[in-house]
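See below for the structure under consideration.
The values are calculated or read from the model by the stated rules, or taken from the named source; none is laboratory data. Quick caveat: nothing in here was measured; it's all calculated off a predicted structure. Cβ coordinates were reconstructed from backbone atoms using ideal geometry, including for glycine residues, and neighbour counts include every protein chain displayed.
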Amino acid sequence: MKTVILPHNNKIRCVATDVDGVMNSGVLHFGLDGQEIIKDFHVKDGMGIKLLLEEGIVFHVITGRASPILRTRLNSLGANSIHEGVEDKLSCLKGLLEVDGILPHEVAYIGDDLNDLAVLAWLYSEGGVGFCPQDAVDIVKETALHVTSLAGGQGSLREMLDWVLWQNREHAGTD
């Protein structure tokens, strides 16, 4: 993973993520009744979320699809919030940051597809940090500040979370 230098050495106070294509491979499994029957999550991502939360960093999930399986997994990990069925992820994130009192340059986000572009572009313009998995669509790779070495569902979220934790340790006391 290449080193990313944050503008003004900002600490990250909030991480937000997409789900399908980031926390899992993006493959959807449906039963005959039309309900999602399986959603794969990498255990290393889960540990990364727990480590992040132990450091007091806010963790929000913003996804375009609703999934009871997702809610179960994220509630077990202690995610601060889960927003499903979101069409405008940027407006959702801005609202969360306003409530949390967090500035855009204190945010890291990871997404993999066109519905993540607005968030990634906005964060770039505001000094935040945008990530995407190695297998994200090309325009997302061009927009994100950093492309992880791992594909979605293979630990790309953990790679990003480890960077956030490292970055915050490197800049401890520089607030």
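Let me confirm something: among GLY46, GLY101, GLY21, which residue is on the phi > 0 side of the Ramachandran plot and surrounded by 12 or more Cβ atoms within 10 Å (Cβ to Cβ)?
GLY21
Looking only at residues that are hydroxyl-bearing (Ser, Thr, Tyr) and part of a loop (DSSP other than H, G, I, E, B) in region 55-80, which one is farthest from GLN154 (Cα to Cα)?
In this case the residue turns out to be SER67.
Is it the case that region 57-77 has a residue that's at pLDDT below 95 and on the phi > 0 side of the Ramachandran plot?
The answer is no; no qualifying residue exists.
Considering region 60-83 alone, what residues qualify as being in contact with a Cys (Cβ under 8 Å, 6 or more places away or on another chain) and not aliphatic (A, V, I, L, M)?
Once the filter is applied, which keeps residues that are in contact with a Cys (Cβ under 8 Å, 6 or more places away or on another chain) and not aliphatic (A, V, I, L, M), region 60-83 yields HIS60, HIS83.
Among the candidates VAL119, VAL99, which residue alone is more than 21 Å from LEU28 (Cα to Cα), touching a residue at least 60 places away in the same chain (Cβ under 8 Å) and assigned to a helix (DSSP H, G or I)?
Within the list VAL119, VAL99, the selection yields VAL119.
Considering (1) without any contact (Cβ under 8 Å) to a residue 24 or more places away in the chain; (2) under 24 Å from HIS29 (Cβ atoms); (3) hydrophobic (A, V, I, L, M, F, W, C); (4) touching a helix residue (DSSP H, G or I) at 6+ places or on another chain (Cβ under 6 Å), say which one ALA66 fails and leave the rest.
Just one mismatch for ALA66, condition (4).
Just name the residue that is farthest from ASP100 (Cα to Cα) out of those in region 31-54 that are out of contact with any Lys or Arg (no Cβ under 9 Å at 6 or more places or on another chain) and in a loop (DSSP other than H, G, I, E, B).
LEU32
State which residue is surrounded by the most Cβ atoms within 10 Å (Cβ to Cβ) when the search covers only region 132-156 and only residues that are out of contact with any Ser or Thr (no Cβ under 6 Å at 6 or more places or on another chain) and β-branched (Val, Ile, Thr).
VAL140
Contact list please: Cβ distance under 7 Å, first residue in region 31-45 and more than 13 Å from SER67 (Cβ to Cβ), second residue part of a strand (DSSP E or B), pairs at least six apart or on different chains.
GLY31/ILE37
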